[in-house]
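The values are calculated or read from the model by the stated rules, or taken from the named source; none is laboratory data. Values in this document were obtained by computation on a predicted structure and should not be read as measured data. Every residue, glycine among them, receives a Cβ derived from its backbone with ideal geometry; neighbour counts consider all protein chains shown. Each accessible area value is taken on the protein alone, full model and side chains, heavy atoms only, with ligands, DNA and RNA left out. Shrake-Rupley method; radii C 1.70, N 1.55, O 1.52, S 1.80 Å.
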Amino acid sequence: MFDVTRIVKMIEKEKSLDTISKPLSKWISKATAPDPIKYLLSGSWAGHQLHPPLTDIPIGAWTVASLLDLTGGEQMRPAAQRLVGIGILSSVPVAITGASDWSETYGKERRVGMAHILGNTWGLSLQALSWWARKKDRHMLGTGLSLAGLGFTTIAGYLGGHLSFDMGVGVNHTAFQTRSRKWTEVADEDEVQEGQLVRVEVNDVPVVLTRHQGDLHALSATCAHAGGPLHEGRIEGDCIVCPWHQSKFRIPDGVPQRGPAGSMQPSWQVRA
């Protein structure tokens with residue numbers, strides 16, 4: 001029986017992918033490092049990662065184009081060509097946001113992500129060739145190229161799903177934390193000084209305490225992006241900066257001010 005999971009495990013261990021992925025991810029990480037760029041591409045302003053919902057546009061366009069090719073006849077050829085073109089254009093922001101997210105991964109996640117990128121690159125290239133063939137009135141060739149491209153995109157989509165659902169890339173690492181409904185004493189007030197980050201636990205949930213501009217604040221100490229230890233980070237302006245990927249969360253409410261984090265960092269009520 002064909003074992004997809006075995007193939008994915010082989011990709012996770014394929015260190016030859018590192019020769020491409022390491023320098024490429026380093027370059028992309030540097031290019032997307034400025035706070036405004038990372039904030040935009042990570043979907044910090046939207047409340048979750050921006051890349052996954054954007055993928056629906058090119059995949060939907062290319063799927064409908066192929067359906068029209070197979071069932072619509074000659075009268076649907078112009079519409080199919082337009083849909084192929086829409087998919088090509090809309091794949092640009094998909095690729096940029098995905099590359100930004102991928103550049104913050106390491107090890108086996110980065111290898112699977114590299115395979116995801118290569119699959120999508122083949123898919124996009126075949127769709128571009130399909131659009132050109134259609135423009136030259138070679139519609140049968142265009143139909144075949146689109147179907148082949150859609151096949152590569154489907155495989156790449158499976159790998160993207162594996163990254164999210166099996167490897168936890170891009171998911172909110174605080175989603176299943178249970179907050180206490182009762183006031184819990186965790187520290188003496190004088191233990192938390194201005195600009196200091198103090199880790200405590202509330203019902204087995206790690207929380208970071210800090211005093212900012214005289215007021216006490218508390219955020220979950222597990223970074224929503226990749227589970228990094230916020231209490232080991234630093235304070236920059238009115239934000240706590242995660243030490244792993246430099247995500248910034250506003251101290252009073254946990255709203256992300258810089259990616260790669262897209263989700264809000266849970267905040268806790270504090271009283272002295």
Exercise. For segment 1-78, what is the charge dipole size about the Cα centre, in debye to the nearest 20, if Lys and Arg each add +1 at the Cβ and Asp and Glu each add -1 at the Cβ?
Worked result: 440
Seminar exercise, completed: Taking a probe of 1.4 Å and leaving out DNA, RNA and ligands, segment 1-127 shows per residue an accessible area in Å² of 56
Problem set entry | Segment MET76-ILE20, length gained on full extension (0.36 nm per residue, minus Cα span) | 16.1 nm
Exercise. Along the charge dipole of segment 137-272, which of GLN269, GLY237, HIS173 sits closest to the positive end, that is, farthest toward it, with unit charges on the beta carbon of Lys, Arg, Asp and Glu (+1, +1, -1, -1)?
Worked result: HIS173
Seminar exercise, completed: Taking Rh as the Kirkwood radius computed over alpha-carbon pairs of segment 1-111 and applying Stokes-Einstein at 4 °C with viscosity 1.567 mPa s, one gets a diffusion coefficient in µm² s⁻¹ of 79
Seminar exercise, completed: Log10 I(q)/I(0) at q = 0.09, 0.12 Å⁻¹ for the chain, from Debye over equal alpha-carbon scatterers, is -0.52, -0.80
Seminar exercise, completed: Rounded to the nearest Å, the spacing of the alpha-carbon centers of segment 188-221 and segment 68-83 is 60
Problem set entry | segment 112-244, dipole about Cα centre (Lys/Arg Cβ +1, Asp/Glu Cβ -1), debye to the nearest 20 | 1380
Seminar exercise, completed: Of GLY144, GLY195, GLY73, the most mobile residue in a GNM of the chain (C-alpha springs, cutoff 10 Å) is GLY73
Exercise. Between segment 105-141 and segment 12-46, how many Å separate their Cα centres?
Worked result: 19
Seminar exercise, completed: Expressed as a percent, the accessible surface of the chain that is carbon or sulfur, using a 1.4 Å probe and the full set of protein chains, is 60
For this session: Would you compute the Debye intensity of segment 138-272 from its alpha-carbon atoms alone, equal scatterers and no solvent, and pass along log10 I(q)/I(0) at q = 0.14 Å⁻¹ to two decimals?
Result: -0.65
Seminar exercise, completed: Beyond 16 Å, the calculated P(r) of segment 194-272 holds a percent of Cα-Cα pairs equal to 39
Exercise. Considering only protein heavy atoms, what per residue accessible area in square angstrom results for segment 167-272 with a 1.4 angstrom probe?
Worked result: 52
Problem set entry | Crossing angle, helix 77-102 versus the chain [Cα axis fit, 0-90 degrees, rounded to tens] | 30
Exercise. Over all Cα pairs of segment 76-198, how is the pair count split among 10 Å bins, expressed in % and running from 0 up to the last occupied bin?
Worked result: 12, 29, 20, 16, 10, 7, 5, 1
Exercise. Chymotrypsin sites (Phe, Trp or Tyr not before Pro) within segment 169-272: which are DSSP loop residues with at most 11 other Cβ atoms inside 10 Å?
Worked result: PHE176, TRP183
Problem set entry | Count, lysine Cα pairs under 14 Å in the chain, 8 or more residues apart or across chains | 7
